[in-house]
Amino acid sequence: MPRANAAGHDASVPATPSSAHDPWWRHAVVYQIYPRSFCDSDGDGVGDLAGIRSRLDHLTWLGVDAIWLSPFFPSPMADFGYDVSDYCGVDPLFGTLADFDALVADCHERGIKVIVDWVPNHTSDEHPWFVESRSSRESPRREWYVWRDSPADVPGRPPNNWLAQFPDGPAWTWDEATGQWYLHLFTPQQPDLNWDDPEVESAMHDTLRFWLDRGVDGFRMDVVHTIGKDPELPNLPTGRERDAVIANDVAVTHDRLRAIRKVLDEYPGQRTSVGEVYLLSPERIATYYGRGDELHMSFNFSALWSRWSAEAWTRNLDEVATHLDPVGAWPTWALSNHDVPRHRTRYGSEARARAAAMLLLTLRGTPFLYAGEELGLTDAEITAADQVDPGGRDGCRAPVPWDPSTTHGWVRADNWLPWPPDAATLDAASQRRDPASVLHLYRRLLTARRGSPALMQGALGRRLAPDGVLLYERRIVAPVNDRRLVIVNFGDNAAHVATDLEGDEPVRWSVEVSSDGSGEGDVFSGTLEPSQAVLLRPAADTGHSTGHSGPT
Ligand code: TEU
């Protein structure tokens, strides 16, 4: 598939063709859009699909290959769209199905794939299925949700000790009318579907087909590992009552994922899936790829949550090498999303956030960016009185600033959440004019990645490095020979790093991209500043991408 010139990519960089063994999603960079926070077109203070369409030039200029849209489906918004009341529509807040079709068409014209968010574990309590299910114990849809009595010996108590993820409280709500409890791993407005019922499974497959028929390229699957639960719904150990999301890791889910995979495989064009398998263990998430017949990809939350240290990131790389690579499970990497404080906020400095971007875009696997991280945004400070999310995650959902004006390219200055700090200088337009900006760094990294088969497909070999430094080589030998070296200095002191690799002829490396912009194009000096990261290429390799030169 040739990369469209319309996508604004460097035409001198040859496209990497997709094939059955090397599908597009393995060398894509995916950009997550939280629709409420991206861009508003109609002045209601909430972002919408037309707003996203109006900003596609930004994505093209940046060079991303795919977008993942967080939910835009009809929803009472108890969890801002992760409480779906109709899987096959668009909430009027975000636009119409016609707006969605137009967005997909625009994206495809630019060579950008579209991934939508599928929320299979729970619906809204206002979904007609749940309304019907709770209407009576005899309802034909009663079994579509998880209804239980109190334990026989403790009347009035919930069926087990599970707590909801948020807000504080049990994972069970008593239904007065029918005298039973229903299960909700999240808010009481998000009842869990009962996937043990084959009708639920089949109805949910149809919701996938609805979007596949409309041309989407794949799905991000919300807490997808929880669609199977231990039929006993056993109590959790004391102190871990809130761990139901992490504790539900049962065999039957794998059957259900294989069935979901078959639905995707009914369609041409390598439709993909990335599961939010929230298990905090690469060993566990590896099992959700099956034998290449379950999820195409899974997020890796233990890496997302890890500290900014060479030790932690060494462990992240080694765990993926140990558990994912041997079974052919293609890794993913993300630093930020709509549920966690932005990595610029977590890591504490712009220099670290820049170095982290180098990691994200040079590791082996598919990177997922979260809108606004390419601007180096930090979280908005939200007072307790202004908090709107039941999970307290508003800070990372602040609106994206597009220009330095008071409305920052939105219609109004006051929107559903306040602006992030420094919105008048970190806005996209100002950064685009400044080659030293974080935005330009992301663009250079994306360009470098696209131009290097080693970065997109090659093996990753970690090398010994001084304390506080992570050093790895990316290398491919066929069908082309290409290599890169990445060095990240996590420390607060300058680091001196020898780059003459063991067993190799001496190699001179030049700086292709530097996280602080210094020395690009020069021969690498061997010294890194505190919190600096560099991407190096063999100095003799002046070709554009295919790495014909350089030691073999
Ligand atoms: O998140 C699931 C999930 O496990 C996280 O909410 C996690 O528990 C939390 O962030 C820890 O702080 C998904 C969505 O990404 C999230 O936005 C939804 O609220 C949730 O599912 C329910 O659909």
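Can you name the residue in the range 18-62 that is surrounded by fewer than 19 Cβ atoms within 10 Å (Cβ to Cβ) and among the aliphatic types (A, V, I, L, M) and is also modelled with the lowest pLDDT among such residues?
Top of the filtered list is ALA20.
Take the conditions farther than 22 Å from THR60 by Cα, touching a Lys or Arg at 6+ places or on another chain (Cβ under 9 Å), outside any helix (DSSP H, G or I) and within 16 Å of the ligand (Cβ to nearest atom) and apply them to ASP125. Does it pass?
yes
From ALA413, ALA448, ALA436, ALA380, grab the single residue that is assigned to a helix (DSSP H, G or I) and either modelled with pLDDT of 95 or more or away from the ligand (no atom under 16 Å from the Cβ) (or both). Give the steps one after another, and end with the answer.
Details: ALA413 fails: assigned to a helix (DSSP H, G or I); ALA436 fails: assigned to a helix (DSSP H, G or I); ALA380 fails: assigned to a helix (DSSP H, G or I).
So the residue among ALA413, ALA448, ALA436, ALA380 that is assigned to a helix (DSSP H, G or I) and either modelled with pLDDT of 95 or more or away from the ligand (no atom under 16 Å from the Cβ) (or both) is ALA448.
When you check VAL119 against the structure, is it in contact (Cβ under 8 Å) with a residue 24 or more places away in the chain, β-branched (Val, Ile, Thr), in contact with a Pro (Cβ under 7 Å, 6 or more places away or on another chain) and within 16 Å of the ligand (Cβ to nearest atom), yes or no?
On the way: in contact (Cβ under 8 Å) with a residue 24 or more places away in the chain: yes; β-branched (Val, Ile, Thr): yes; in contact with a Pro (Cβ under 7 Å, 6 or more places away or on another chain): yes; within 16 Å of the ligand (Cβ to nearest atom): yes.
Yes, satisfied.
May I ask you to verify whether GLU512 is free of Cβ contacts under 8 Å to residues at least 40 places away in the same chain and not in a loop (DSSP other than H, G, I, E, B)?
Numbers: free of Cβ contacts under 8 Å to residues at least 40 places away in the same chain: no; not in a loop (DSSP other than H, G, I, E, B): yes.
Answer is no for this residue.
List every residue pair whose Cβ atoms sit under 8 Å apart, with the two residues 6 or more apart in sequence or on different chains, where the first one lies in the range 292-313 and is free of Cβ contacts under 8 Å to residues at least 24 places away in the same chain and the second, anywhere, is part of a helix (DSSP H, G or I).
Going by the 8 Å Cβ cut-off, the qualifying pairs are SER302/PRO282; SER302/ASN316; SER302/GLU319; SER306/ALA312; SER306/TRP313; SER306/ARG315; SER306/ASN316.
Which of the residues belonging to the range 316-352 are assigned to a helix (DSSP H, G or I), closer than 18 Å to GLN32 by Cα and away from the ligand (no atom under 16 Å from the Cβ)?
ARG344
Go through the range 416-433 and give me each residue that's surrounded by 15 or more Cβ atoms within 10 Å (Cβ to Cβ) and not in a loop (DSSP other than H, G, I, E, B).
ALA423, LEU426, ALA428, ALA429, SER430, GLN431, ARG432
For the range 301-315, how many residues meet the condition of being of a type outside the set (A, V, I, L, M, F, W, C) and in a helix (DSSP H, G or I)?
Residues of the range 301-315 that are of a type outside the set (A, V, I, L, M, F, W, C), as a first pass: 302, 306-307, 309, 311, 314-315.
The next check asks that each one be in a helix (DSSP H, G or I); those that pass are 302, 311, 314-315.
Number of matching residues: 4.
Restricting attention to the range 72-81, does a residue exist that is under 16 Å from the mean Cα position of the chain (by Cα), within 16 Å of the ligand (Cβ to nearest atom), of a type in the set (Ser, Thr, Tyr) and assigned to a loop (DSSP other than H, G, I, E, B)? Steps first, please.
Here is the first cut: in the range 72-81, the ones under 16 Å from the mean Cα position of the chain (by Cα) are none.
No, the range 72-81 contains no residue that is under 16 Å from the mean Cα position of the chain (by Cα), within 16 Å of the ligand (Cβ to nearest atom), of a type in the set (Ser, Thr, Tyr) and assigned to a loop (DSSP other than H, G, I, E, B).
Going by the structure shown, is ALA303 within 16 Å of the ligand (Cβ to nearest atom) and either farther than 30 Å from PRO158 by Cβ or of a type in the set (Ser, Thr, Tyr) (or both)?
Numbers: within 16 Å of the ligand (Cβ to nearest atom): yes; either farther than 30 Å from PRO158 by Cβ or of a type in the set (Ser, Thr, Tyr) (or both): yes.
Answer is yes for this residue.
Give the number of residues within the range 87-116 that are surrounded by fewer than 24 Cβ atoms within 10 Å (Cβ to Cβ) and either closer than 15 Å to HIS338 by Cβ or within 16 Å of the ligand (Cβ to nearest atom) (or both).
Selection size over the range 87-116: 3.
Scan the range 445-456 for residues that are surrounded by fewer than 22 Cβ atoms within 10 Å (Cβ to Cβ) and either touching a strand residue (DSSP E or B) at 6+ places or on another chain (Cβ under 6 Å) or of a type in the set (Ser, Thr, Tyr) (or both) and report the count.
2
Show the residue pairs that are 6+ apart or on different chains and have beta-carbon atoms under 9 Å apart, the first residue being within the range 219-240 and under 18 Å from SER70 (Cβ atoms) and touching a residue at least 40 places away in the same chain (Cβ under 8 Å), the second being of a type in the set (D, E, K, R) and away from the ligand (no atom under 15 Å from the Cβ).
Qualifying pairs under 9 Å: PHE219/ARG271; VAL224/ARG256.
Do any residues in the range 327-342 that are on the phi > 0 side of the Ramachandran plot have Cβ atoms under 8 Å from those of residues that are more than 10 Å from the ligand (Cβ to nearest atom), where the two are at least six apart or on different chains, and which pairs are they?
Once the first residue is on the phi > 0 side of the Ramachandran plot and sits in the range 327-342, its partners that are more than 10 Å from the ligand (Cβ to nearest atom) give GLY328/TYR289; GLY328/GLY292.
Do the conditions hold for ASP403, that is, is it at pLDDT below 95, away from the ligand (no atom under 16 Å from the Cβ), surrounded by fewer than 22 Cβ atoms within 10 Å (Cβ to Cβ) and of a type in the set (Asp, Glu)? Don't jump to the end; show me each part of the working.
Working: at pLDDT below 95: no; away from the ligand (no atom under 16 Å from the Cβ): yes; surrounded by fewer than 22 Cβ atoms within 10 Å (Cβ to Cβ): yes; of a type in the set (Asp, Glu): yes.
No; evaluated as a whole, the condition is false for this residue.
Name every residue in the range 249-285 that is more than 16 Å from the ligand (Cβ to nearest atom), aliphatic (A, V, I, L, M) and outside any helix (DSSP H, G or I), in order of residue number. Give the derivation first.
Taking the range 249-285 as the starting set, the residues that turn out to be more than 16 Å from the ligand (Cβ to nearest atom) are 250-252, 254-272, 282-283.
Applying the additional criterion that residues be aliphatic (A, V, I, L, M) yields 250-252, 257, 259-260, 263-264.
The answer is VAL250, ALA251.
Listed here are the residues, each with its yes/no results for (1) within 22 Å of the chain's Cα centre (by Cα); (2) of a type in the set (Val, Ile, Thr); (3) surrounded by 15 or more Cβ atoms within 10 Å (Cβ to Cβ).
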residue: LEU233; (1), (2), (3): no, no, yes
residue: THR238; (1), (2), (3): no, yes, no
residue: ILE246; (1), (2), (3): yes, yes, yes
residue: GLU294; (1), (2), (3): yes, no, yes
residue: PHE299; (1), (2), (3): yes, no, yes
residue: ALA303; (1), (2), (3): yes, no, yes
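Residue by residue through the range 353-377, note down the ones that are in contact with a strand residue (DSSP E or B) (Cβ under 6 Å, 6 or more places away or on another chain), more than 16 Å from the ligand (Cβ to nearest atom) and assigned to a loop (DSSP other than H, G, I, E, B).
LEU363, ARG364, GLY365
The values are calculated or read from the model by the stated rules, or taken from the named source; none is laboratory data. All of these numbers come straight from a predicted model, not from anything done at the bench. Cβ sites come from the backbone with ideal geometry, for glycine too, and all protein chains shown count toward neighbours.
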